[in-house]
Amino acid sequence: MTIFQGIALVWRNVDKKWTRIDMGYDNFLDVIYHNEKFFALMSTGVTVTVDSKSMTVSPVAGPLQIESVWVWSYLIKSSQDLFLIIKSWPFQIDPIEFKVYKLDEEKREWVEVMDGLEDSVFFVGDDASFSLSAEEFPGCKGNCVYFKGGPFEVTDCHPGTDGGIIDLKDGTVGGLSAFPGYSNIFWPRPTWVEK
């Protein structure tokens, strides 16, 4: 399953072609495969599952109330859980705000994560999002979200300098320079990139 210009398409081996999932006026924002199902986030904020066999679309969770002009949403899985990360930038003069939610499928709702992610590290971006364990990847700070793009002053052109980190434990948000030692995963770049 993929999203192209807000349209969801599913490739099924049985059909040997891309099939469009039509949701009327609603656009798809993000999609992820989790627990043998496709989960998709709609522009209205509703989360749905898409059955790749029957092509049935079923709502999983209702929309969240987000009051902001600029909003970015990311679906990400970590272990057995599915998370939704909302990055909002109210008026481009206020600081960026992050909220992290975990899907409760039984209650059919997104529950805000208030106590952090412990060892997990989330990387979110427009092209892909993923999680990993800080314990398994030295140099990453656990309980943090690394993200690309933000209102941070860039003083050099090293990879990742336009990104930022939010520490979910204390709520600190800043450019990579605000977290000394934890930007080392971006610079110096690995030797295999040089070749």
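Which members of the stretch 19-32 meet the condition of being surrounded by 13 or more Cβ atoms within 10 Å (Cβ to Cβ) and either closer than 22 Å to PHE83 by Cβ or not hydrophobic (A, V, I, L, M, F, W, C) (or both)?
Residues satisfying the conditions are THR19, ASP26, ASN27, PHE28, LEU29, ASP30, VAL31, ILE32.
Mind checking which residues of the stretch 98-126 are modelled with pLDDT under 90 and among the hydrophobic types (A, V, I, L, M, F, W, C)?
Listed by number, the residues that qualify are PHE98, VAL100, VAL113, MET114, LEU117, VAL121, PHE122, PHE123, VAL124.
Suppose we filter the stretch 108-139 for residues that are touching a strand residue (DSSP E or B) at 6+ places or on another chain (Cβ under 9 Å), under 16 Å from LYS169 (Cα atoms), assigned to a loop (DSSP other than H, G, I, E, B) and of a type in the set (D, E, K, R); how many remain?
Count: 1.
Output the residues belonging to the stretch 33-48 that are more than 16 Å from TYR101 (Cα to Cα) and surrounded by fewer than 18 Cβ atoms within 10 Å (Cβ to Cβ).
Selection gives TYR33, ASN35, GLU36, LYS37, SER43, THR44.
Among the residues of the stretch 140-149 satisfying the criterion of being outside any loop (DSSP other than H, G, I, E, B) and touching a residue at least 40 places away in the same chain (Cβ under 8 Å), which is nearest to MET1 (Cα to Cα)?
This residue is PHE147.
Inside the stretch 9-31, can you point out the residues that are in a loop (DSSP other than H, G, I, E, B) and closer than 22 Å to THR47 by Cα?
Passing the criteria: ASP22, MET23, GLY24, TYR25, ASP26, ASN27.
It is to be established whether one or more residues within the stretch 19-30 are at pLDDT 80 or above and in contact with an Asp or Glu (Cβ under 7 Å, 6 or more places away or on another chain).
no
Within the stretch 80-97, which residues are surrounded by fewer than 20 Cβ atoms within 10 Å (Cβ to Cβ) and at pLDDT below 80?
Once the filter is applied, which keeps residues that are surrounded by fewer than 20 Cβ atoms within 10 Å (Cβ to Cβ) and at pLDDT below 80, the stretch 80-97 yields SER88, TRP89, PRO90, PHE91, GLN92, ILE93, ASP94, PRO95, GLU97.
What's the number of the only condition in (1) part of a loop (DSSP other than H, G, I, E, B); (2) at pLDDT 75 or above that GLU153 fails to meet?
Status for GLU153: all satisfied but (2).
The values are calculated or read from the model by the stated rules, or taken from the named source; none is laboratory data. Note that the coordinates shown come from a computational prediction; the quantities given were computed from them, not determined experimentally. Positions of Cβ are generated from backbone atoms using ideal geometry, with glycine treated the same way; all protein chains shown enter the neighbour counts.
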